[in-house]
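Peer 1: Dumping the structure here so I can ask a few things about it.
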Amino acid sequence: MFASACGGVEGKPAAAGGVVDSIIPRDSAIARFQSDLPRVTSFEGGAQSRDQLVRRFVTALESRDTSVLRSLLLTKSEFGWLYYPTHPEGLPPYSLTPQLMWFMLEGNSEKGYQKLLQRRAGQPLRVIDHRCEGKPSKQGENTVWGPCPLLRRTERGDTLSERLFGQIVERGGQ
């Protein structure tokens, strides 16, 4: 399945409050984070291909279908069980805790999601194609693509490359 995360180059991590306990071993930190989350083994709400995911995203945005747009985002369970354990920022030398990394991802995603709705929802996007830049990053069973700007035609007929979502995560060879 493919899933997507909102946010963009404009998003900046917010300062985390509270105490960071850096003595806790990584495995224990992951277990604590996962303890209140339903265990998942695959993504839900995604698509069978990147092209299909982008089409679902564009159609939902053009029709202002916020429930479909939200279904394309990683859930906290998907993050905790499938994404975080092999993500480079959760591994040395960065070693971000799952709590901090989720806090930053969720905050940036929400900020990007709200801007996306304000600026682009409910209007024709005239998408021609999308292109994922660079080579994908292999992270355990996940393949992370992006950024993946959309190529779209403006009302005047010009072609424009625009980044409307963050990365695309692929898992399970789909």
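The values are calculated or read from the model by the stated rules, or taken from the named source; none is laboratory data. Treat the numbers as computed from the prediction; the structure is a model and nothing was measured. Because the Cβ atoms are built from the backbone with ideal geometry, glycine has one as well, and the counts that use them run over all protein chains shown. Just so you know, the surface numbers come from the protein's heavy atoms only, side chains and all, with ligands and any DNA or RNA stripped out. Shrake-Rupley method; radii C 1.70, N 1.55, O 1.52, S 1.80 Å.
Peer 1: So, of the residues in the range 92-109 that are without any contact (Cβ under 8 Å) to a residue 24 or more places away in the chain and more than 15 Å from the chain's Cα centre (by Cα), which turns out to be most open to solvent (accessible area, probe 1.4 Å)?
Peer 2: In this case the residue turns out to be Y94.
Peer 1: I've got another one for you. Residue by residue through the range 110-150, note down the ones that are of a type in the set (V, I, T) and in contact (Cβ under 8 Å) with a residue 40 or more places away in the chain.
Peer 2: Passing the criteria: only V127.
Peer 1: Please determine whether any residue of the range 82-93 is modelled with pLDDT of 95 or more and under 22 Å from R55 (Cβ atoms).
Peer 2: Taking every residue of the range 82-93 in turn, none turns out to be modelled with pLDDT of 95 or more and under 22 Å from R55 (Cβ atoms).
Peer 1: Among the listed residues K115, K135, identify the single one that is open to solvent by 20 Å² or more (accessible area, probe 1.4 Å), out of contact with any Asp or Glu (no Cβ under 7 Å at 6 or more places or on another chain), over 30 Å from I30 (Cβ atoms) and of a type outside the set (V, I, T).
Peer 2: Every option except K115 fails the conditions.
Peer 1: Still on this structure: Within the range 53-64, identify whether any single residue is assigned to a loop (DSSP other than H, G, I, E, B), at pLDDT 95 or above and open to solvent by 60 Å² or more (accessible area, probe 1.4 Å), and answer yes or no.
Peer 2: Yes.
Peer 1: Within the range 28-50, how many residues turn out to be outside any loop (DSSP other than H, G, I, E, B), within 21 Å of Q167 (Cα to Cα) and either among the hydrophobic types (A, V, I, L, M, F, W, C) or modelled with pLDDT of 95 or more (or both)?
Peer 2: 1
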